[in-house]
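Enquirer: Dropping the structure in here first, questions after.
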Amino acid sequence: MKQRKIREDVFLLGAVDWDRRLFDALIPLPDGTSYNAYLIRGREKTALVDSVDPSQTGVLMRQLEEVDRVDYVISHHAEQDHSGAIPAVLTRYPDARVIATPQAKGMLTDLLPIGQDKFVTVADGETLTLGGKTLEFVHTPWVHWPETMCTYLREDRILFSCDFFGSHLATTDLYARDEARVAEAAKRYYAEIMMPFRKVIQRNLDKIEGRPLDLIAPSHGPIYDRPTWIIEAYRDWVADAVRNAAVVAYVSMHGSTEAMVRYLVDSLAERGVEVHQFSLPVTDLGRLAIALVDAATLVLGAPTVLAGPHPHAFLAAALANALRPKLRYASLVGSYGWSTRAAEQVVGMLPNLKVEILSPVLCQGYPRDRDFLALAGLAEAILQKHRSIGLGEGSI
Ligand code: FEO
């Protein structure tokens with residue numbers, strides 16, 4: 001990719017990583033990703049905003065071949081997909097200084113070979129002029145590490161937001177043209193990366209909305225030239241409200257738990273509860289995370305293996321606990337052979353979730369009439385709980 005002009009003396013650099021399919025050895029990337037860097041040329045000084053993943057260092061350095069000087073490298077976030085090429089940039093521009101929050105300075109020196117003397121730390125609200133281009137540094141912690149910040153370019157009303165508002169999307173679109181596709185990718189990104197910090201993000205949204213915005217330029221995915229819709233989407237995702245929806249995530253070994261899940265899903269659907277069903281051994285964990293963004297209830301389906309829940313259910317419980325979705329209720333269904341401690345173990349894995357546990361339905365062997373009756377009872381309990389918080393009114 002060559003430099004792309006987005007405003008006078010403001011350029012998009014970076015790399016589109018079309019073929020990457022996994023991030024953090026965990027997160028699926030069905031649509032690849034990009035690592036966006038930006039170049040801002042003032043009358044006196046030039047700043048590079050973030051860099052790229054180490055695997056794409058060569059792409060960035062080729063883009064910089066025509067750039068005689070870089071005075072500042074603004075590092076919004078220490079994670080290596082944005083900071084990894086900074087050492088190479090500093091080798092090419094030895095007089096450049098890295099602009100970062102005080103906490104980012106510590107993390108960058110922990111993660112990368114960058115000397116302490118290379119840094120200039122900036123306070124929240126501090127400004128730097130490049131000559132006709134005024135940069136305001138806005139501390140926005142926990143999007144999604146503690147050291148993160150954004151930069152607001154006053155004259156062009158651009159917010160450089162790094163991971164905040166980002167989307168893992170490989171595209172040649174400079175701007176978010178296919179808004180439905182970008183919204184899906186941005187929601188996936190929020191669910192996987194940002195959701196644990198929902199409350200802090202509410203405050204960060206208040207902070208950035210005080211500024212007039214023409215563009216939001218993240219470090220993954222396309223630029224937003226209609227910033228309002230992505231801000232409104234974030235407002236919706238971080239709000240406390242939940243929907244009349246249940247996520248049913250299950251694993252089955254010999255069909256018993258699957259039969260229970262099918263019955264429960266049908267029972268919920270008959271009662272007007274929207275259900276998102278996932279087979280854990282084959283599901284895209286990103287889709288599961290998206291469904292958790294605003295569902296009211298999570299039901300795990302797990303057969304018992306060696307007295308505890310199947311390991312796939314352990315993983316799903318650990319994921320839900322770590323992502324801290326705004327769930328209100330949770331339960332467990334599953335089959336066991338001779339004894340089980342699955343319920344205690346699953347509940348014990350959800351300490352971060354402020355959920356009420358609805359009575360699990362566990363059956364010995366293949367489910368019989370009494371078990372299906374219990375599953376219908378669980379579906380009814382879920383409906384009544386949803387109604388008690390103002391959801392699902394009018395459903396049968
Ligand atoms: Fe895109 Fe947190 O790095």
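Enquirer: Would you point out the residue of the range 238-272, among those that are free of Cβ contacts under 8 Å to residues at least 40 places away in the same chain and under 23 Å from R370 (Cα atoms), that is surrounded by the most Cβ atoms within 10 Å (Cβ to Cβ)?
Expert: Applying the filter and picking the extreme gives V265.
Enquirer: For A343, indicate whether it is among the hydrophobic types (A, V, I, L, M, F, W, C) and over 18 Å from M260 (Cα atoms). Steps first, please.
Expert: Working: among the hydrophobic types (A, V, I, L, M, F, W, C): yes; over 18 Å from M260 (Cα atoms): no.
Criteria not met by A343.
Enquirer: Same structure, new question: Quick one: count up the residues across the range 222-257 that are part of a strand (DSSP E or B) and either at pLDDT below 95 or of a type in the set (S, T, N, Q) (or both).
Expert: Looking only at that region, the number is 1.
Enquirer: Go through (1) closer than 23 Å to R177 by Cβ; (2) modelled with pLDDT under 95 for E209 and report which single condition fails.
Expert: If we test E209 against (1) closer than 23 Å to R177 by Cβ; (2) modelled with pLDDT under 95, just (1) comes out false.
Enquirer: Need a quick list: strands (runs of 3 or more DSSP E) entirely within the range 1-69 having at least 2 residues that are assigned by TED's automatic domain parsing to the domain that holds A100, within 28 Å of the chain's Cα centre (by Cα) and among the hydroxyl-bearing types (S, T, Y).
Expert: Filter on the range 1-69 gives 33-41.
The values are calculated or read from the model by the stated rules, or taken from the named source; none is laboratory data. As the structure is a computational prediction, the values presented were derived from the model and not from experiment. Glycine gets a Cβ as well: all are built from the backbone with ideal geometry, and neighbour counts include every protein chain shown.
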